[in-house]
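Trainee: First the structure, which I've put down as structure tokens, then a few questions once you've had a look.
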Amino acid sequence: MKNDLTRREFLQRSAGAAGALAASPAIFLEPEHIPLPLQSMAPSDRVRFGIIGIGMQGSGLLRDAIQLPGVECVAACDLYDGRHTLAQEIVGSKIPATRRYKDLLDNKEIDCLIAAVPDHWHRQVVVDAVSAGKDIYCEKPMSHSAADGVAMVAAAKKTGRVVQIGSQRVSSVLCAKAKELLSSGILGTLTLVEGSLGRNDPTGAWEYPPPPDLSLSNFDWDTWQGEVPKRPWDPDTSPKYFARWRCWKEYGTGVAGDLLVHLVSGMNYMLGWNEPPKRAMALGDILRFKDGRNMPDVHATLFDYGQGRAPVYLRLNLGCDTPEIYRFQGSKGILEVTEYTITYFPQSGEDESPSYYTSGYPHALREAYLKKWHEEHDPKPGKEPVTEGFSYRGASWDEEKPHLWRFFQGVKNHQQVTEDAVFGHHAALACHMANESYFRKAAVTWDAATNTIKS
Ligand SMILES: NC(=O)c1ccc[n+]([C@@H]2O[C@H](COP(=O)([O-])OP(=O)(O)OC[C@H]3O[C@@H](n4cnc5c(N)ncnc54)[C@H](O)[C@@H]3O)[C@@H](O)[C@H]2O)c1
């Protein structure tokens, strides 16, 4: 069913609504139209990309990207040779594969890059790519540290290349609809934003099984470690770092960079915010997965986005399964946003019955108050207000094709992307602040003058 309610109609329908959500059918959202892959597209109309990092995420991005019309993968790069094989299996041909990403930067056949390498490699790859004149789609969180993000924004601005950061939900039809509803003022005064996500299984907590054949003969362990003080190869522990890098701050950014960044990016997009928090206060611990990791497995953060802005409370937990959800709370109700749905629970914000404070009045005063209140507020019989809530359903906000499509359109037409380096930096900063607050056991602030996190 097509949703053809205009915003005005939407507001008219919900005006004056009072009480709880009335049963109302879900309205289905239609995603942006992406044409089907064309068999014969003129070579001049094609976008040729190379991919760096074909692991868990890169392999999915590659599968999605090559299904888009006029988009072609012409080279792959990974430090583990098994992933050269994987890239060729996905593409269905023997595309050139290398361990050196600089080979892709030098390749004139390549218009742009997709990078899905661990967080500690993002800055180097992005800065090198844009400096070599390549546009790049880089996975979230944009940066491994605040300083890395500052350098990446500077490089993107200096070169003018297209940089899209991979928080795919900001290209979802669902978040676009929520953004439209929020900007229409549906919630009245926004008073609180809450969001949460919980998992409760080893895989959800990143205890991934390393590829069993990983060894120095098919993997460049030295380069993989980047600028982190080098550990010698140990067949027992090194494959764990390779597969479970999210658990250690040297390589990853914990639940903040892995999961919180999605909540923050989506929130910023839906609210039309594009700035770092002024202040963050986090609590966390390693409560369930005491496997040698140094990042918390439970992490709850309060963010202050400035005077007059609603407080934001975002909670991540790898020790209890809970749905991923936002609740935007305001004087006119709650907008609940999940992976597939948006639900509006209206509230009038008005007294719907006489004030219970008057139970403390003497009888005569109370009776007079009640009489007057009922005269002024009781609806005429048959004219009682009807409350109407709304529910929208759409494709998962985790679909990557729309986000990739916008990137390739940006590359082709030199147009603005949804999640550029500045937006990606601001979302990542919230995560770095959450981590810094956890480690310092203190509230932290973002100091824009020095581009540093202070406590
Ligand atoms: N958008 C999402 O929903 C989503 C989901 C999962 C992961 N991610 C992000 O994607 C990125 C990759 O995560 P993953 O789970 O796929 O990791 P992964 O460990 O499965 O894969 C990363 C690959 O990058 C390769 N690599 C590392 N350094 C390299 C270098 N310098 N040159 C070439 N190859 C290099 C590794 O060998 C590995 O094969 C991370 O930033 C992660 O946060 C995003």
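Trainee: Compute the length gained on full extension between ASN218 and ALA42: take 0.36 nm times their separation in residues and subtract their Cα-Cα distance, giving the result in nm to one decimal.
Mentor: 59.6 nm
Trainee: Let me check I've understood the local charge: for ASP398, count other residues with C-beta under 10 angstrom from its C-beta, Lys and Arg +1, Asp and Glu -1. What total comes out? Show your work: numbers first, answer last.
Mentor: On the way: positive: ARG169; negative: GLU324, GLU339, GLU399, GLU400.
With Lys, Arg at +1 and Asp, Glu at -1, the net is -3.
Trainee: Pairing the Cα long axis of helix 421-440 with the longest principal axis of the chain, what angle in degrees results, from 0 to 90 and rounded to the nearest 10?
Mentor: 80 degrees
Trainee: Okay, next question. Given a Förster distance of 30 Å, report the FRET efficiency between ARG440 and ILE325 from their Cβ-Cβ distance, rounded to the nearest 0.05. Kindly include the intermediate steps, with their values, before the conclusion.
Mentor: Working: r = 29 Å, r/R0 = 0.96.
So, using R0 = 30 Å, E works out to roughly 0.55.
Trainee: Test of understanding: what is the full-extension gain from GLU376 to THR237, defined as 0.36 nm times their sequence separation minus their Cα-Cα distance?
Mentor: On the way: separation 139, 0.36 × 139 = 50.04 nm, distance 7.39 nm.
Contour length minus Cα-Cα distance gives 42.7 nm.
Trainee: For the chain, give the share of DSSP beta bridges that are antiparallel, in percent and rounded to the nearest 5; count only bridges with both residues there.
Mentor: Details: 41 of 70 bridges.
The antiparallel proportion sits near 60 percent.
Trainee: Now for a different question. Please give the length that would be gained between TYR369 and ARG309 if that part of the chain were fully extended, namely 0.36 nm times their separation in residues minus their C-alpha to C-alpha distance (nm, one decimal). Provide the component values of the computation, followed by the final result.
Mentor: On the way: separation 60, 0.36 × 60 = 21.60 nm, distance 3.68 nm.
Between TYR369 and ARG309, full extension yields an extra 17.9 nm.
Trainee: About the Cα centre of the chain, how large is the charge dipole given +1 on each Lys and Arg Cβ and -1 on each Asp and Glu Cβ? Please answer in debye to the nearest 20. Show your work: numbers first, answer last.
Mentor: Values: 50 positive and 56 negative charges, 144 e Å.
Here the size comes out at about 700 debye.
Trainee: Using only alpha carbon pairs under 8 Å that are at least six residues apart, calculate the relative contact order of segment 343-435 and give it in whole percent. Numbers along the way, then the final one.
Mentor: Numbers: 26 pairs, mean separation 26.8, N = 93.
Computed over segment 343-435, the figure is 29 percent.
Trainee: Among SER355, SER145, which comes first, second and so on when ranked by fewest other beta-carbon atoms within 10 Å?
Mentor: On the way: SER355 11, SER145 20.
If I rank by nearby Cβ atoms, fewest first, I get SER355, SER145.
Trainee: Which of ILE342, ILE95 comes first, and how do the rest follow, when ranked by fewest Cβ neighbours within 10 Å?
Mentor: Values: ILE342 25, ILE95 17.
Fewest to most other Cβ atoms nearby, the residues stand as ILE95, ILE342.
Trainee: Quick one: of LYS94/LYS249; LYS157/LYS278; LYS102/LYS230; LYS179/LYS332, which pairs are farther than 26 Å apart, Cα to Cα? Don't jump to the answer; show the numbers that get you there.
Mentor: Numbers: LYS94/LYS249 36 Å; LYS157/LYS278 23 Å; LYS102/LYS230 22 Å; LYS179/LYS332 16 Å.
Violating the 26 Å limit, Cα to Cα: LYS94/LYS249.
Trainee: Given the Cα atoms of the chain, and with Rh set as the inverse mean 1/r over their pairs in the Kirkwood sense, what is Rg to Rh to two decimals?
Mentor: Numbers: Rg = 25.3 Å, Rh = 24.1 Å.
With Rh from the inverse mean 1/r over Cα pairs, Rg/Rh is 1.05.
Trainee: Here's something else I'd like to know. Hey, if you put +1 on the Cβ of every Lys and Arg and -1 on every Asp and Glu Cβ in the chain, which of SER93, GLY382, VAL130 ends up farthest toward the positive end of that dipole?
Mentor: Ranked along the dipole, the leading option is VAL130.
Trainee: Test of understanding: ordering ILE186, ILE165 by Cβ neighbours within 10 Å, fewest first, what list do you get? Before the final figure, lay out the partial values.
Mentor: Values: ILE186 22, ILE165 32.
Placing the least packed residue first, the sequence is ILE186, ILE165.
Trainee: So for segment 84-160, Kirkwood radius off the Cα pairs, Stokes-Einstein at 10 °C and 1.306 mPa s: how many µm² s⁻¹? Could you put the intermediate results ahead of the total?
Mentor: On the way: Rh = 13.3 Å.
D, rounded to a whole number, is 120 µm²/s.
Trainee: Roughly how many debye, to the nearest 20, is the charge dipole of segment 43-168 about its Cα centre, given +1 on each Lys and Arg Cβ, -1 on each Asp and Glu Cβ, and no other charges?
Mentor: Working: 15 positive and 15 negative charges, 48 e Å.
Around 240 debye, computed over segment 43-168.
Trainee: Right, something else. Which residues' amide hydrogens lie under 5 Å from the amide hydrogen of GLY70, considering only partners 5 or more residues apart or on another chain, with H built in the peptide plane?
Mentor: Those lying under 5 Å, H to H, from GLY70 are LEU38.
Trainee: A follow-up question, please. Around TRP121, with a cut-off of 11 angstrom between Cβ atoms, what is the net charge of the other residues, counting Lys and Arg +1 and Asp and Glu -1? Numbers along the way, then the final one.
Mentor: On the way: positive: ARG123; negative: ASP119, ASP128, GLU139, ASP148, GLU227.
That sum, taken over residues with Cβ under 11 Å, equals -4.
Trainee: Mind ranking 284-291, 125-132 by how tightly packed they are, going by the mean number of other C-beta atoms within 10 angstrom, highest first?
Mentor: Numbers: 284-291: 15.0, 125-132: 21.9.
Top of the packing list down: 125-132, 284-291.
Trainee: How high is the relative contact order of the chain, in percent, with contacts defined as C-alpha pairs under 8 Å that are six or more residues apart?
Mentor: So the answer I get is 24 percent.
Trainee: Return a whole-number percent for the relative contact order of segment 236-298, with Cα pairs under 8 Å and 6 or more residues apart as the contact set. Walk me through the numbers before you get to the answer.
Mentor: Working: 43 pairs, mean separation 22.2, N = 63.
This gives 35 percent for segment 236-298.
Where a number appears in this text, it was derived from the coordinates with a stated rule and is not lab data. Since the structure is predicted, the reported quantities are computational estimates derived from the model, not experimental observations. Please note: Cβ atoms are built from the backbone with ideal geometry, for glycine as well, and neighbour counts cover all protein chains shown.
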